[in-house]
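Down below is the structure, laid out as structure tokens.
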Amino acid sequence: MAKVTFIEHDGLEQVVDIPTGWTLMQGAVQSGVAGIEGECGGSCACATCHCYVDEALVDFLPPPSETEEEMLGCTASERRSNSRLSCQVRVSDALDGIVVRLPEAQS
């Protein structure tokens, strides 16, 4: 279980406990985080779960797959060096305390 802080583009924060093995998107959608749409349900087929992960923890994450890289090219908001699709980030104990910022628009 990891405690994840989602910060929406307007600064609204929501802290969510996400079970190990779930994705950030699953935890966000299950908890009603408004800034994550996840239209494809987590199959890396849209870019509506785009997020900016805590830069201090980027290196602890596996690199984006080729498919995720392609989808990150389709985001509605600016792509940054710490951009990820939240459906592709699996939660582990190492991510406990991570801060995830959400872009202004997902679609």
Checklist line | Correct option for Cα extents along the principal axes in Å [calculated from the coordinates] among [x] 61, 53, 19; [y] 71, 32, 20; [z] 30, 28, 25 | finding: [z]
Checklist line | J(HN,Hα) series, the range 38-45, from Karplus relation 6.51 cos²θ - 1.76 cosθ + 1.60, nearest Hz, glycine and proline x | finding: x, 4, 8, x, x, 9, 6, 10
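For the range 32-107, what does the relative contact order come out to in percent, with C-alpha contacts under 8 Å and a separation of six or more? Could the numbers behind the result be given before it?
Values: 112 pairs, mean separation 34.7, N = 76.
Reported as a whole number, the value is 46 percent.
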Notebook entry, point to check: Quick one: Karplus J couplings for the range 46-53, per residue in order, coefficients 6.51, -1.76, 1.60, θ = phi - 60°, nearest Hz, x for Gly and Pro?
Noted result: 9, 10, 8, 10, 4, 8, 10, 7
Checklist line | Residues of the chain: accessible area per residue with a 1.4 Å probe, Å² | finding: 51
Item checked: Amide H contacts under 5 Å for Ala2, placed H, 5+ residues apart -> Ile18, Thr20
Notebook entry, point to check: Roughly how many debye, to the nearest 20, is the charge dipole of the range 13-101 about its Cα centre, given +1 on each Lys and Arg Cβ, -1 on each Asp and Glu Cβ, and no other charges?
Noted result: 100
Notebook entry, point to check: Tell me, what HN-Hα J-couplings in whole Hz come from the Karplus equation 6.51 cos²θ - 1.76 cosθ + 1.60 at θ = phi - 60° for each residue of the range 56-61, using x for Gly and Pro?
Noted result: 5, 10, 4, 6, 8, 9
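Where does the charge balance sit around Ser65 when Lys and Arg score +1, Asp and Glu -1, over other residues with C-beta under 14 Å from its C-beta? Mind showing how you got there, number by number?
Working: positive: Arg84, Arg90; negative: Glu66, Glu68, Glu69, Glu70.
Local charge sum for Ser65: -2.
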Next item on the list: Measure off, as a whole percent, the carbon and sulfur share of the 1.4 Å-probe accessible area of the chain, all protein chains present.
Entry: 47
Check: Which residues' amide hydrogens lie under 5 Å from the amide hydrogen of Val100, considering only partners 5 or more residues apart or on another chain, with H built in the peptide plane?
Finding: Thr5, Phe6, Ile7
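The values are calculated or read from the model by the stated rules, or taken from the named source; none is laboratory data. Since this is a predicted model, take the numbers as computed values, not measurements. Every residue, glycine among them, receives a Cβ derived from its backbone with ideal geometry; neighbour counts consider all protein chains shown. Accessible surface areas use protein heavy atoms only, side chains included; no ligands, DNA or RNA. Shrake-Rupley method; radii C 1.70, N 1.55, O 1.52, S 1.80 Å.
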